[in-house]
Amino acid sequence: MFVYYLLIFILGSTWSSFACCFAYRYQHNISIIQPHSRCDNCLKSLKLWQLIPILGYCIQKGHCFYCHAKIPCLSVIIELCFSGYLTIICATYPIEKTFVLLALCCWTLLLILTDFFTKTVPTYFLISGGFLICILNFQRILITLRLNLLFMLFFSSILVLLSFLRMLGSGDTIFLIFLGFIYGFIPMLIVVIISCLFALCYFFVCKFQKSIAFLPFIGISLFLVLFFIH
Ligand SMILES: [Zn+2]
């Protein structure tokens with residue numbers, strides 16, 4: 001089992017490193033393929049060992065190998081938190097559900113980061129990822145539709161209405177509808193309530209910003225609720 005958890009930890013740190021890079025490049029309108037990763041200060045291309053998630057940062061002691069400029073630690077914090085979370089959550093789920101769980105968490109993390117940095121999400125990734133997660137959860141969706149169809153239609157209509165009234169972003173709406181059809185009305189209601197509480201705290205701490213990215217709060221709430229909806 002140790003190798004299984006180690007592989008999940010490595011996958012989590014690798015994906016979160018990629019997601020941070022993707023969000024940064026999405027924010028600055030830079031291609032994900034070119035140019036090669038480099039130091040923001042001296043612009044030297046980074047070698048493969050310097051790009052190893054968590055380890056690369058530790059070996060360089062948080063400073064660029066070439067110019068000794070401080071490397072922002074946000075990426076490594078996200079890598080540690082996400083890979084730690086994935087390892088713990090996978091330990092609480094049956095092994096046969098691991099792949100679906102990993103796909104959902106990886107999709108959610110990338111959306112959280114892009115929305116946090118840009119207040120938008122890449123539509124192609126939101127839609128294609130959502131359909132993929134739905135296909136992987138096909139049986140679960142059938143059960144949800146059989147038990148909660150009316151509630152889900154009501155829930156989706158409210159979300160769409162809030163989106164039209166510009167009280168909820170379209171990305172948040174689509175993300176919640178996808179999740180609603182997979183997990184049903186009650187879990188999603190809990191996710192929405194926890195998200196609102198988190199967002200309210202953030203709103204007060206950040207001194208009443210005009211608008212805040214909401215998807216990160218939905219994503220973090222989902223990560224918490226996933227512990228209770230096997
Ligand atoms: Zn440098």
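The values are calculated or read from the model by the stated rules, or taken from the named source; none is laboratory data. Just so we're clear, the structure is a prediction, and the values are computed from it rather than from any experiment. Positions of Cβ are backbone-derived with ideal geometry, glycine not excepted, and every protein chain shown enters the neighbour counts. Ligands, DNA and RNA are stripped out before the accessible areas are found, and what is left, the full protein with its side chains, is counted by its heavy atoms. Shrake-Rupley method; radii C 1.70, N 1.55, O 1.52, S 1.80 Å.
Collect the residues in the range 53-66 that are part of a helix (DSSP H, G or I) and surrounded by fewer than 16 Cβ atoms within 10 Å (Cβ to Cβ), keeping them in residue-number order. Passing the criteria: Leu55, Cys58, Ile59. Per the conditions (1) within 15 Å of the ligand (Cβ to nearest atom); (2) in contact with an Asp or Glu (Cβ under 6 Å, 6 or more places away or on another chain), the sole criterion not satisfied by Ser13 is (1). Selection within the range 32-50: residues that are closer than 16 Å to Ser17 by Cα and open to solvent by less than 60 Å² (accessible area, probe 1.4 Å). The member of this set that is nearest to the ligand (Cβ to nearest atom) is Cys39.
Number of residues in the range 67-116 that are open to solvent by less than 20 Å² (accessible area, probe 1.4 Å) and polar (S, T, N, Q): the value is 4. Select from the range 53-90 the residues that are among the small types (Gly, Ala, Ser) and in contact (Cβ under 8 Å) with a residue 40 or more places away in the chain and write down the one among them that is farthest from the ligand (Cβ to nearest atom). Here the answer is Gly84.
If you go through the range 202-223 and keep only what is assigned to a helix (DSSP H, G or I), modelled with pLDDT under 90 and closer than 27 Å to Cys106 by Cα, you end up with Tyr202, Phe203.
The residue list Thr108, Thr14, Thr87 contains one member that is at pLDDT 95 or above and more than 23 Å from Ile218 (Cβ to Cβ), which is Thr14. Checking the stated criteria, Lys119 turns out to be more than 17 Å from Leu11 (Cα to Cα), in contact (Cβ under 8 Å) with a residue 40 or more places away in the chain and open to solvent by 40 Å² or more (accessible area, probe 1.4 Å). Could you check, for the range 180-190, whether at least one of its residues is in the same structural domain as Leu142 (by TED's automatic domain parsing), open to solvent by 20 Å² or more (accessible area, probe 1.4 Å), in contact (Cβ under 8 Å) with a residue 12 or more places away in the chain and within 19 Å of Val121 (Cα to Cα)? For the range 180-190, residues in the same structural domain as Leu142 (by TED's automatic domain parsing), open to solvent by 20 Å² or more (accessible area, probe 1.4 Å), in contact (Cβ under 8 Å) with a residue 12 or more places away in the chain and within 19 Å of Val121 (Cα to Cα): absent.
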